[in-house]
Structures are given as C-alpha cells and as structure tokens.
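One structure below.
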Amino acid sequence: MIKSPKEVFLALSGQQKIVFLACLSHDLTIHGRAFALDLTGETQVSAFKGLNELQHQISQQIAHLADASDRYPDEVLWEILQEKAARYSISTYLNQSLDGHAQRLAKRNRKIS
C-alpha cells in the first residue's frame, strides 16, 4: 500500500523527522532557483515570501526536534506548511517536494527490507 507523504512523515522517529525536514528544506531551495528564473513581478515576490515562510517553519521544527523542546505537534506543522503554501500560491512546489522525498524514503526502505 502506498502511503501519503504525511503518513510517511508521521510514522518517522524524531531523528528521522529531522532528516526528512532537512531534505524538504533542501528541495524547496531548488524551487527557489526556479522562482528566480521563471517568475516575475508580484508572482515572484509572493513565491519568495512563501518560500521564506516555509523555511522558517521547517527550520524551527528541526531545531525543536533536535533539542527536544516544545514544538508544534506534527499534524499541526503539516497544516501550517499547507496553509502557508496555499496562501502564497506555492502548494504545487511544496507537494512536489513532499511527494518526491516520501517516494525516495519508500524506495530506500524497500531496498533495506
């Protein structure tokens, strides 16, 4: 059975979530390069603002996971990321990164099994 990216993320250990989020952050920076090349005007500005918001939430969650401090519950983080992406019209980019990383994890886990 194929799991959604959210299901994959929720099933991870704390350390694995740190790696997942770091990879997500990296993937999103690649989209940022595309924003610089492919978008213009207010669309570009909005996309970069949204990317900044996503990076803020992701990096904050990584730090809180790493030092075991208070953080948003995983389901709440997921909602925040989806809402921020929708607000700035970059949901396609976020979901592409989430899907890609979840698929890479599933593929890696099949090789290990």
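Every read-out reported here was derived from the displayed coordinates using simple, explicitly stated rules and does not represent laboratory data. Note that this is a predicted model, so its numbers are computed, not measured. No Cβ is skipped: glycine too gets one built from the backbone with ideal geometry, and neighbour counts run over all protein chains shown.
Summary table
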| item | result |
| --- | --- |
| Pick from segment 33-46, criterion farther than 29 Å from GLN15 by Cβ and of a type in the set (D, E, K, R), ranking: surrounded by the fewest Cβ atoms within 10 Å (Cβ to Cβ) | GLU42 |
| Meets criteria (hydrophobic (A, V, I, L, M, F, W, C) and out of contact with any Ser or Thr (no Cβ under 8 Å at 6 or more places or on another chain)) for LEU12 | yes |
| Counted residues, segment 61-88 - those being small (Gly, Ala, Ser) and part of a helix (DSSP H, G or I) | 4 |
| Filtered residue count, segment 1-31, keeping only those that are under 18 Å from GLN96 (Cβ atoms) and either of a type in the set (Phe, Trp, Tyr) or under 13 Å from the mean Cα position of the chain (by Cα) (or both) | 16 |
| Leading residue by the ranking (farthest from the chain's Cα centre (by Cα)) among those in segment 35-60 that are more than 30 Å from ARG71 (Cβ to Cβ) and assigned to a helix (DSSP H, G or I) | GLY41 |
| Filter result (of a type in the set (S, T, N, Q), in contact with a Leu (Cβ under 6 Å, 6 or more places away or on another chain) and closer than 16 Å to SER13 by Cα) within segment 47-103 | GLN61 |
